[in-house]
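Note sheet for the following structure.
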Amino acid sequence: MSSDTNPREELYRRFRQSLSQPVTERYFDEDELVEVYDYAGDISDDYVQMEALFCGARLYPESQALSERRALLYLDTSVDDSDAPSPAAGAYLNDHAEIFTPLFDIARLEINHPEDPEAALEFLLTQYETFNDEEIIRFVDLAFDLDCYKWVVDNLDRLRTKVHYQPVLVYEVMREADENLDNELTARLAEELIETEPFSVGYWELLFKAQARGEKEEEAKSTFDYAKALGADDPDSLLVLAGDVYNYAPYLHKEAFDMLETLKADAPERFEFVDCQCALLVKTGAGDRAIATLIKFVEDNPGHERAVRQLLLCNIRNPRQYLDRFYEATEGRGFSADTYAELLNTLAMNSAMRSLEALLERTVNMEEMDPGDFSAYIEALFALSKFSRIVELIENYKYTEMLFRIPLKGCATSFSYMVSLMKLGRQADAEAHFNSLRPYYEAVLEDAPMPVKMAVRCLMTLADKIRRHPASETLYWEYFDMLNYGKF
């Protein structure tokens, strides 16, 4: 349904526009504010939801429907990354303990899960004759939060008798069936919804996913073609469809790739299409082609942070040129601080040492590195066998004494420095470095955590090897690889 013919969207838009007008000129009746709140929730517009409640509190302070929405807002607001509701929800419900409606009762059970969930659901079901759309959505969500998926499925026919508009209930159950990998029920409910709204790409996409996941290849192929045709003007839906192909339908990889190629032609700046194409290529063993596709996008969009990040994770042999163009395109800003820190860690964890070196090389040329980043830089150089550069950097770094005493990172840097010195034939310097830190290492062995003790033991083993294999044994130190990096 287009926005021009969707009365809920038109009402939402009219309310949104009114927020820039004087408060005295903002007038909506109670039912309209409820509708605005519910629609804003459907599209995750927290701002409009709250403004609708503020407007309702001014115009209709005794409104029960708007009071229910306030309870729902508190219920949906968590105080951290967990799914636990805010304490404000409990406080609000306690202050309105005299109100008994489906939404208030559901909210109370969401906050205080009952000992017998199925009995509580049965009570609600018999307590109220009917449920409106928001009430049945919340009721079904409650049942799933209480791990009563089977109860909902077994009582679906009873629930149908409690609602006036069946598709809302069916859609909520279908979504949970999909989450539970119940392919048969997901497909059956998707087909039911398609009968009521045959041109909804979302329903066809879920039907396709259920069929593909249930290994019904021929049905899935037919559904894919229909969904692709319906979504010709809906790129986001087609992107979801391509993701389903990636996960569940290898026999449609080429069709999905070609579909994404068409989407790219219409919106060449959208990285999501390229990213999905690359994933499909990698899954079919065409990694080189995936990297070439990614490089082409980065060349055309040098300032695209996410694309450059993905390219760095590929650990290509010449990342520096793309990093230079990225910093130039972003006027020197580069990555945000959070993305930069996360990227350093991810590159190190994935042994993408070429990219790690290139990224940190820019930093060492622009400013003094902190000891943590400096240690990561040394690790990357060591993995790439750049021993002269390691020695040069460490001997000119002003925080070396601090760094060598940082647990784990200090040990790793000392290890790289000592081996690099031996690779360069400087045995005396390697022994002198270890001896300068020996008292510290011996003290660490007394009461340090086990990982630190193991790192120190590793350095002591290295010192023993240095003593028994002098730098003159060039063949030994050429191939010494205690950390199993291997040769690049």
- prompt: What do you reckon, is residue 422 open to solvent by 80 Å² or more (accessible area, probe 1.4 Å) and either aliphatic (A, V, I, L, M) or part of a loop (DSSP other than H, G, I, E, B) (or both)?
  reply: no
The lone condition residue 134 fails out of (1) part of a helix (DSSP H, G or I); (2) open to solvent by 70 Å² or more (accessible area, probe 1.4 Å); (3) of a type in the set (Asp, Glu) is (2)
Checking 325, 306, 333 in turn, the sole residue that is under 30 Å from residue 255 (Cβ atoms), open to solvent by 80 Å² or more (accessible area, probe 1.4 Å) and not hydroxyl-bearing (Ser, Thr, Tyr) turns out to be 306
Among 360, 344, the single one that is within 23 Å of residue 313 (Cα to Cα), buried (at least 16 other Cβ atoms within 10 Å of the Cβ) and free of Cβ contacts under 8 Å to residues at least 24 places away in the same chain is 360
What about residue 388, is it closer than 26 Å to residue 316 by Cβ, modelled with pLDDT of 90 or more, open to solvent by less than 10 Å² (accessible area, probe 1.4 Å) and among the polar types (S, T, N, Q)? no
So, first residue under 20 Å from residue 71 (Cβ atoms) in the stretch 10-36, second residue part of a helix (DSSP H, G or I) and β-branched (Val, Ile, Thr), Cβ within less than 7 Å, six or more apart or across chains; the pairs are 36/48
If we keep only residues of the stretch 280-298 that are touching a Phe, Trp or Tyr at 6+ places or on another chain (Cβ under 8 Å) and over 22 Å from residue 240 (Cα atoms), then the residue most open to solvent (accessible area, probe 1.4 Å) is 295
Hey, residue 244 touching a helix residue (DSSP H, G or I) at 6+ places or on another chain (Cβ under 8 Å), open to solvent by less than 30 Å² (accessible area, probe 1.4 Å) and over 21 Å from residue 344 (Cβ atoms) or not:
yes
With the condition kept exactly as written, say whether any residue in the stretch 439-456 is open to solvent by less than 70 Å² (accessible area, probe 1.4 Å), touching a Cys at 6+ places or on another chain (Cβ under 8 Å) and of a type in the set (Gly, Ala, Ser).
yes
Filter the stretch 394-404 for residues that are over 36 Å from the mean Cα position of the chain (by Cα) and open to solvent by less than 70 Å² (accessible area, probe 1.4 Å); the one that is farthest from residue 428 (Cα to Cα) is 397
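The values are calculated or read from the model by the stated rules, or taken from the named source; none is laboratory data. This structure is a prediction, so every number in the text was calculated from the model and none was measured. Note that we place each Cβ from the backbone using ideal geometry, even for glycine, and neighbour counts take in every protein chain shown. Areas reflect the complete protein model, heavy atoms only, side chains present, ligands, DNA and RNA absent. Shrake-Rupley method; radii C 1.70, N 1.55, O 1.52, S 1.80 Å.
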